[in-house]
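Quick notes on the structure that follows.
The values are calculated or read from the model by the stated rules, or taken from the named source; none is laboratory data. Only a predicted model underlies this, so the values are computations on that prediction, with no experimental measurement involved. Neighbour counts run over all protein chains shown; Cβ positions are idealised from the backbone, glycine included. Side chains are part of the model used for accessible areas, which takes the heavy atoms of the whole protein and leaves out ligands, DNA and RNA. Shrake-Rupley method; radii C 1.70, N 1.55, O 1.52, S 1.80 Å.
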Amino acid sequence: MWTFTADSLINTQVHLFTNHLNQENELCFQDNNQQLYLISATGNLIWKKNINEIIQSDIYTVDIFKNGKLQLLFNTENYLHLIDRNGNEVQGFPVKLPSKVTSNLTLLDYEGNKDYRLFLACADKRIYNFSLYGVKTEGFVPFKTDDVVTLPIKYIRVGASDYLMTADVEGKIYAFSRKGEGRIDFKNKTIGNLNHLYVLGGNNLDNTKLIYVDDKDNLLNKI
């Protein structure tokens, strides 16, 4: 048993990070002083780094160079960060975002080949798509929404077609393609300020469902 004492109250979940040299799990988290910590599995400090903003998303483990050496990926209110296991920002990071983040980072790997896509919704009512290098994805037009989106972006493949889906705070549902083109014009809505939206895949659109909980009326809804 061991104890690690941070400089101030820890304000994030503790995320696992794999040491590529020995394959041991290390632990990553942030405190109220905006210090990001990486500690060993036995509670020893490896490094700490000030991030200047509170981490809002999960902390993802990625391999940007596809060489087995891993990095930490996350967003704050205004920036994307990618930090190597030595505590240094990867070249080109942090990346300033077009507007304040309203829906935190969704990390997608369509084909399972580490060709990642990063989706964030921002306060300018647009959903942006970045490559893992923090560059806006070529061919993707930022998707415009009627109101602010706070839900994460969901991905599902139905037949031969891809759908990226979410809903805004007024309950309007959106489905768009990998290029940012609208795919379905929904006539109905979810409740407003939805906390979770689940996509249950089928082999065609008729049996592919959106499911959400209406906490106010104690209802489970399926669209």
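Data for the structure
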quantity	calculated
Accessible surface of the chain, 1.4 Å probe, proportion on carbon and sulfur as whole %	47
Coil-residue trypsin sites (Lys or Arg not before Pro) of region 74-131, DSSP, other Cβ within 10 Å capped at 15	Lys100, Lys114
GNM flexibility winner over the chain from Glu138, Glu170, Glu89 (Cα, springs under 10 Å)	Glu138
Positive-end extreme of charge dipole, region 147-203 - chosen from Ser161, Asn195, Ala175 (charges on Cβ)	Ser161
Neighbour net charge for His81 - beta-carbon separation under 12 angstrom, K R +1, D E -1	-2
Cβ-defined net charge surrounding Thr42, 11 Å radius [Lys, Arg +1; Asp, Glu -1]	-2
Solvent-accessible surface ranking, highest first, for Leu16, Leu118 at 1.4 angstrom	Leu16, Leu118
Solvent-accessible area of Asp115 with every protein chain in place, 1.4 Å probe, in Å² to the nearest 10	70
Positive dipole terminus of region 1-148, leading residue within Ala121, Asn104, Phe140 (C-beta point charges)	Phe140
Read-out log10 I(q)/I(0) by the Debye sum over Cα atoms at q = 0.10, 0.11, 0.18 Å⁻¹, derived from the coordinates shown; its label in (1) -0.59, -0.67, -1.24; (2) -0.52, -0.62, -1.28; (3) -0.47, -0.57, -1.41	(2)
Rounded Å value of the spacing that divides the Cα centres of region 99-149 and region 195-223	23
Å² of accessible area per residue within the chain, as computed with a 1.4 Å probe and no ligands counted	53
